[in-house]
Amino acid sequence: MSNLPQSLSINPPYGAGPSSAAQPNRDRMESAQQLVLDLSSPDLRENALLELSKKRELFQDLAPLLWNSFGTIAALLQEIVSIYPVLSPPNLTPAQSNRVCNALALLQCVASHPDTRMLFLKAHMPLYLLPFLNTGSKTRPFEYLRLTSLGVIGALVKVDDTEVISFLLSTEIIPLCLRTMEMGSELSKTVATFIVQKILLDDLGLDYICTTAERFFAVGRVLAHMVVVLAEQPSSRLLKHIVRCYLRLADNPRACDALRSCLPDMLRDGTFNNCLSEDPTTRRWLQQLLASISMNRVPNLQAGGGFDHMLMN
């Protein structure tokens, strides 16, 4: 393990001697270092992926260790690209799905860490995950793969950063999230909607989605469809993200004007009162949304009119 960067070793807590409570931390770090080294060995990689993904929250500074260790990120990418051939036609087995998801869990660790997240982004690592979001199969192996991939993107957007949003807007992440919001499991839909919400909450993301009627109505159509589904299968967690997306869209004058016509009636008529009875935050957001779209119409800001003139097309 002498080839590991010296800066990645963990110093004992201040005042701790060699036989103090720091020993368990040293033992865990040595275990992590050995498992990271094992990732570079094809024969040892599967077990290392499993053990590291299970224990990644126990290993302090695992993300810098993964990023700076020779050949480790290349090994993780090898795991990812190796299953591209089984995506279409869909032939992904549960064993293949579990293995690549363990690799993705380690990439999520890298995407979450403040010391490695921007390095991860500047290396364009999220692009390797997009094929996993472009699959249409609803089988468990594909759904697990979709959800874990979304988790990596979700880790990136969790910390507000316009540079992250700018990068994601240069990819197909919005249409791919919209696709998942229509056909994924409840959990995948929730994570995908959270990602769209975080993109919208950044001014760059809001401007991007509201620049053209096509983008706005692509998002609006999917959100409206999800509201209809939620009326039959309620989920307060998913509804919270949907309402927040709508509320943020209402911050754009043209989008707010269009929402007067295209906001689902189920958000206006009390359909979700029971669902929101124990969620004062979402209830408040919905009230703010309804108040925003009930105000007097604002003059159209562009010569071509607002979005509303395209609603009948």
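If you take every residue apart from residue 188 with its C-beta less than 13 Å away from the C-beta of residue 188, what net charge results, scoring Lys and Arg +1 and Asp and Glu -1?
+3
What are the semi-axes of the equivalent ellipsoid for the stretch 35-159, taken as the square roots of 5 times the Cα gyration tensor eigenvalues, largest first, in whole Å? Could the numbers behind the result be given before it?
Values: eigenvalues 97, 58, 31 Å².
That gives 22, 17, 12 Å for the three semi-axes.
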**Request:** Could you tally the net charge around residue 215, taking each other residue with its Cβ under 12 Å from the Cβ of residue 215, Lys/Arg +1 and Asp/Glu -1?
**Result:** 0
**Message:** Please compute, over every Cα-Cα pair in the chain, the percentage with a separation greater than 33 angstrom.
**Reply:** 36
**Prompt:** How many angstrom separate the Cα center of the stretch 205-263 from the Cα center of the stretch 146-175?
**Reply:** 19
**Message:** How much of the pair distance distribution for the stretch 182-294 lies past 21 Å, counting alpha-carbon pairs only, in percent?
**Reply:** 30
**Prompt:** For the stretch 182-294, what is the accessible area per residue in Å², given a 1.4 Å probe and the full set of protein chains?
**Reply:** 43
**Item:** 10 Å Cβ shell holding at most 15 others, DSSP loop, GluC sites (Glu not before Pro): longest site-free stretch of the chain
**Value:** 58-171
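Just the number, please: carbon plus sulfur as a percent of the accessible area of the stretch 182-294, 1.4 Å probe, no ligands or DNA/RNA counted.
On the way: 2320 of 4840 Å².
Percent of accessible area from carbon and sulfur atoms in the stretch 182-294: 48.
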**Request:** Among 245, 113, 125, flag the residue with its Cα farthest along the positive direction of the charge dipole of the chain, charges on Cβ as +1 for Lys/Arg and -1 for Asp/Glu.
**Result:** 245
**Asked** In the stretch 107-141, which trypsin sites (Lys or Arg not before Pro) are in a loop and have at most 16 other Cβ atoms within 10 Å, using DSSP for the loop call?
**Response** 138
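The values are calculated or read from the model by the stated rules, or taken from the named source; none is laboratory data. A quick note: this is a predicted structure, and the numbers were derived from the prediction, not measured. Neighbour counts run over all protein chains shown; Cβ positions are idealised from the backbone, glycine included. Calculation scope for accessible area: heavy atoms of the full protein, side chains included, ligands and nucleic acids excluded. Shrake-Rupley method; radii C 1.70, N 1.55, O 1.52, S 1.80 Å.
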